[in-house]
Amino acid sequence: MMLKSEKIFFALMKSPVGMFGLVGNQDSLVEIVFQADPAIIKEQIRRKYPQAREQENALLHNAAGQLNAYFDGRRRQFELPLDMVNLPVFTRRVLTLLSRVDYGRTLTYGDLATLAGSPQAARAVGRAMATNPFPIVVPCHRVVGGGGRLTGYSGGQGVATKQWLLDFEKQQAGEES
């Protein structure tokens, strides 16, 4: 858990797929809240981080810049310090592996479970994806069901947002080929 005295900052940013609330401290990104309504984002942040101040710091500025570059087609990999210390060990392992999945590619929940060393844990991978505190940056949209089926996505407009992100990455990757 975070110390009450730790300074937490947040900033809102618009993206082609909705609003993001970027939450961080001086050293790392703590969470990205992905909702359509800025008021809901602020409410969720204030409920979870009552000490948070709406103020952009250098880290949040960098995170917004990298996200904007992603949506402009100029960034494929994020280089941000992520605070995963309070996440369960399995979730950390899954998110770390997921962050290495190439831009424009997909893998299944089962594939990711196998990579994480637990081939029978596809549902647990799904739970880790559903609670991913760093959408886009840790690309849970690249995880699909068996046979390439699009399954749930908790950000933006759900599966429609997941489809948009996958199509966007494939289009951008295709332009470079």
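The values are calculated or read from the model by the stated rules, or taken from the named source; none is laboratory data. Bear in mind the structure is a predicted one, so any value in this text is a computation, not a measurement. With ideal geometry, Cβ positions are generated from the backbone for all residues, glycine too; neighbour counts draw on all protein chains shown. Accessible surface is based on the protein model in full, side chains and every heavy atom, while ligands, DNA and RNA are left aside. Shrake-Rupley method; radii C 1.70, N 1.55, O 1.52, S 1.80 Å.
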Problem - Relative contact order (%) - criterion: Cα under 8 Å, at least six apart; region: the stretch 73-149 - result: 34 percent
Fill in the blank from the handout: Any residue on another chain or 5+ positions along whose placed amide H is under 5 Å from the amide H of Ser15 is listed here as Phe20
Exercise for the section: Determine by what factor the alpha-carbon radius of gyration of the stretch 66-177 differs from 2.2 N^0.38 Å, reporting the quotient. Expected result: 1.02
Handout entry: Exposed-loop-free span, longest in the chain, where trypsin sites (Lys or Arg not before Pro) count as exposed if DSSP calls them loop and at most 16 other C-beta atoms lie within 10 Å
Key = 8-73
Practice task
Find the Cα radius of gyration of the stretch 28-79, compare it with 2.2 N^0.38 Å by division, and give the number to two decimals.
Solution key: 1.26
Problem - Considering only the chain, percent of DSSP beta bridges that pair antiparallel, nearest 5 - result: 70 percent
Exercise for the section: Could you grab the relative contact order for the stretch 1-129? Cα pairs under 8 Å, six or more apart, rounded to a whole percent. Expected result: 19 percent
Fill in the blank from the handout: With the 1.4 Å probe rolled over protein heavy atoms, the chain has an accessible area per residue in Å² of 52 Å²
Practice task
Exposed loop GluC sites (Glu not before Pro) only (DSSP loop, at most 15 other Cβ atoms within 10 Å): please give the longest stretch of the chain free of them, not including the sites.
Solution key: 80-177
Problem - the stretch 111-125 - phi-based ³J(HN,Hα) in whole Hz, Karplus 6.51/-1.76/1.60, Gly and Pro as x - result: 4, 5, 4, 5, 4, 7, x, 9, x, 8, 9, 4, 5, 5, 4
Completion exercise
The value for the stretch 1-114 (convex hull of the alpha-carbon atoms, volume per residue, Å³) is 117 Å³
Handout entry: Added length on full extension, which subtracts the Cα-Cα distance from 0.36 nm per residue, Asn68 to Arg92
Key = 6.1 nm
Problem - Accessible surface of the chain, 1.4 Å probe, proportion on carbon and sulfur as whole % - result: 50 percent
